[in-house]
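See below for the structure under consideration.
The values are calculated or read from the model by the stated rules, or taken from the named source; none is laboratory data. Quick caveat, the model's predicted, so the values are computed rather than measured. Cβ sites come from the backbone with ideal geometry, for glycine too, and all protein chains shown count toward neighbours. Note: areas computed on protein heavy atoms with side chains; ligands, DNA, RNA excluded. Shrake-Rupley method; radii C 1.70, N 1.55, O 1.52, S 1.80 Å.
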Amino acid sequence: MTPARLDRALRGDLPKGLESGLTVVDERSLAAYEQAHVPEALHIPLEELSERAGELDGNQTIVVYVLSSSEDDGPRAAMVLYELGFTRVAVLD
């Protein structure tokens, strides 16, 4: 998902396929999250994602937001969610 599409969705202009809503998961460090984050994003670090997946609505699209030294973190978080049964997962590009 592109930042522009996410911005439109967060402003209420939900594109086709996102009518059921979306949840943004920020899996960066707590320090990075506290410095700045997408409004209403849930802070769930990658290492806690499996145990905290119950906080997510499986009917919504889950957008994983990551900005770290490892470009693999976003896709890894998405894979964890897929393995837990979430089928509507996107990584913010």
Between GLU83 and ASP7, what is the label-to-label distance in nm when each label sits 7 Å out along the Cα-to-Cβ direction?
3.5
If amide H atoms are modeled at 1.01 Å from N in the peptide plane, then the residues at a separation of 5 or more from ALA90, or on another chain, having amide H under 5 Å from its own are ILE62, VAL63, VAL64
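For GLU55, GLU27, GLU83, give me the order by solvent-accessible area with a 1.4 Å probe, most accessible first, ignoring ligands, DNA and RNA.
Details: GLU55 100, GLU27 15, GLU83 140 Å².
Descending accessible area places them as GLU83, GLU55, GLU27.
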